[in-house]
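What follows is a single structure, written as structure tokens, with notes after it.
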Amino acid sequence: MAREMTGAQMVVQALKDQGVDVIFGYPGGAVLPIYDEIFQQNDIRHILVRHEQAAVHMAEGYARSTGRPGVVLVTSGPGATNAVTGLTDALLDSIPVVVLSGQVPTFMIGSDAFQEADTVGITRACTKHNWLVRDTDSLAATIHEAFHVATTGRPGPVLIDIPKDVQFASGAYEERAAHRSTYRRPTAPDPEAIEALVDLIEQAERPVFYTGGGVINAGPAASATLRDLVQATNFPVTSTLMGLGAYPASGRHWLGMLGMHGLYEANMAMHDCDLMICVGARFDDRITGRIDAFSPGSRKVHIDIDPSSINKVIRADIGIVADAGLALRAILDAWTRRGRRTKAESVVAWWRQIDAWRKVDCLAYKPSKSTIKPQFALERLEALTRGRDRYITTEVGQHQMWAAQFLRFDEPNRWMTSGGLGTMGYGVPSSIGVQVAHPDALVINVAGEASFLMNMQELGTAAQFRTPVKQFILNNERLGMVRQWQQLLHGERYSHSWSESLPDFVRLAEAFGLKGIRCTDPADLDDAIMAMIDHPGAVVFDCLVERHENCFPMIPSGKPHNEMLLGEASTEGAIGAQGAVMV
């Protein structure tokens, strides 16, 4: 028998039925009935943020590190519009997030009432789907449908706009078990396409697996199958920024990250391969570089659960719409059934070529005894945290790319970053969301000082909820990536790429009741990092680094993969005036 309850009670009950254990939110008049119901229960924890954008980023960090959808509750008008950046970030990175927004009463919609906004219209382009619920009887079913849509097929954010009178009114609650959705996405691969792919695998002489965040979204079993398939075929594997950890960085087949700031050997292998097997990635422009020069001699296979991604950017010789894990399992099973035939001698020769590219040592940099190089800081952070139960989030900029290059991930769901949207301000709140999900883990946000300032108010959230997150700021007193592009691509015209009024980050931390640490000397770095790790609470670590260090390798805009800029220490060739050599 259907239970009678108010709309606000339905919201809380539906979240419980969906297994939600935490909400990230900020109250306001249009959601006070829901907040009143949250107050009267103890099953769901609420994390009070300081800004609604941060609430969505916290939910993203929670979702990315657990595989479960993150939940956000915001009020109408500015509460909902503040969440738009987070929604767009989650959409581009395929993160399952459910946002519940309050709305003015139904009879006031369209009257320009106080704190009214067309939330459904505004968020239509940055969600998988959204709903305006005008009837309390349909509220529970809509919430259950939203969770289904957010987590089915290619994951992504959804939003439910709930008018205040719908929260007060009573209606019949629909149980989750009774809900039947019509939203479906194909998950099993076409057997004929798998057989055609295995034909190419058997013929390949210079193959490469190109993997993305879709492998991680498919769950731990998908990553495990990827490792088995790579091991069995002896093929090299590379990854996008979002796919780090799907294949272990310690694995012998690992080429490192590819793309604009990817490793030399990864980009060269992508350019020269004869078979590219793309699994769970979308041929982003940061990966492809110049489209007409992207891997010109390869046959391309694209496996993605989103049919709109196939042939959207790069024409695939074989397109397979499927769950990444199921597709990888089907490939391994078919190839094993055939007797595991490959052109072994050719693949060995391919590995010799890859090893030659590795000798370029593209991440080499000139050390300093007087100034902390950002690469050195991350090398030491990696060395001192290796083997711990560690999760890494980042802000966006040079530090993000150095973190991807120098930190190593052997498991999925340990790396949280803003890839598609490149949202400065993502890392601080995301790290709190990860820490809420994993209270006993070591959670470190690698930040630049400029990105850190975007959402530094969330240090108040970290303090209030005693989340021991570590904010590791590579402080070069510059908008580092902007400055690098201005140096290399805009004639060294440094237009507004530095800040002259940075706060004292140690005192800022102390103002929030947290611990602050500053390090300026490479000789003191290890002890300072250990002090950060060993402190039981949240820490803001201000690591002053070389101001004008550039992040290499770098594929300049409009160039193909085989025309990378490398740093001075990476090659013996002649060095250009900009401290880099093109190879």
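Below 8 Å between Cα atoms, with a sequence gap of 6+, how large is the relative contact order for the range 46-205 in percent? Here the relative contact order equals 22 percent.
Using the Cα gyration tensor of the range 371-431, with a ≥ b ≥ c the square roots of its eigenvalues, what is the shape: rounded (a/c below 1.5), prolate (a/b larger than b/c) or oblate (neither)? Oblate, because a/c is 1.5 or more while a/b does not exceed b/c.
For K16, the aspartates and glutamates whose Cα comes closer than 15 Å to its Cα, not counting residues fewer than 8 places off in the same chain, are E37, D43, E145, E174, E175. The calculated FRET efficiency for the pair A523 and H548, based on their C-beta separation and a Förster distance of 35 Å, comes to about 0.95. Scaled against the 2.2 N^0.38 Å expected of a compact globular protein of N residues, the Cα radius of gyration of the chain reads 0.99.
Report, as a whole number in µm² per second, the diffusion coefficient that Stokes-Einstein gives for the range 1-54 at 20 °C and 1.002 mPa s using the Kirkwood radius over alpha carbon pairs.
Reported coefficient: 179 µm²/s.
What percent do you get for the relative contact order of the range 16-129 when only Cα pairs under 8 Å and 6+ apart count?
On the way: 186 pairs, mean separation 30.9, N = 114.
Relative contact order here is 27 percent.
Taking a ≥ b ≥ c as the square roots of the eigenvalues of the Cα gyration tensor, the range 454-580 is prolate, since a/c reaches 1.5 or more and a/b is larger than b/c. In this structure, S308 and S368 have a Cβ-Cβ separation that, at R0 = 35 Å, corresponds to a calculated FRET efficiency of about 0.15. For the range 368-426, which whole percent of the accessible surface, found with a 1.4 angstrom probe, sits on carbon and sulfur atoms? Its accessible area is 43 percent carbon and sulfur atoms. Of all lysines in the structure, the ones whose alpha carbon falls short of 30 Å from that of K312, not counting any fewer than 8 places away in one chain, are K128, K300, K559. Split the chain at each of the GluC sites (Glu not before Pro) in a DSSP loop with at most 11 other beta carbon atoms within 10 Å, and the longest piece is 1-491. Projected label points at Q115 and D292, each 7 Å from Cα along the beta carbon direction, are separated by 5.4 nanometres.
For the range 409-509, the gyration tensor built on C-alpha atoms gives an oblate shape. Its axis ratio a/c (a ≥ b ≥ c) is at least 1.5, and a/b is not larger than b/c.
When only Cα pairs below 8 angstrom with a gap of at least 6 residues are kept, the range 374-533 shows a relative contact order of 22 percent. Solvent-accessible surface (1.4 Å probe) assigned to H490 amounts to roughly 90 Å². Close amide H pairs (under 5 Å, H built 1.01 Å from N) link L73 with F24, G25, Y26, L100, residues at least 5 positions away or on another chain. The average projected area of the range 158-214, computed from the convex hull of its Cα atoms over all directions, is 7.8 nm².
Longest segment of the chain with no trypsin sites (Lys or Arg not before Pro) in a DSSP loop having at most 12 other Cβ atoms within 10 Å?
1-179
To check you understand DSSP bridge types, tell me what percent of the beta bridges within the chain (both residues inside) are antiparallel, rounded to 5. Here the antiparallel bridges make up roughly 10 percent for the chain. Per residue, the chain exposes 38 Å² of accessible surface when a 1.4 Å probe is rolled over the protein heavy atoms with every protein chain present.
The values are calculated or read from the model by the stated rules, or taken from the named source; none is laboratory data. Computed from a predicted model, the values in this text were never measured in an experiment. Note that we place each Cβ from the backbone using ideal geometry, even for glycine, and neighbour counts take in every protein chain shown. Areas reflect the complete protein model, heavy atoms only, side chains present, ligands, DNA and RNA absent. Shrake-Rupley method; radii C 1.70, N 1.55, O 1.52, S 1.80 Å.
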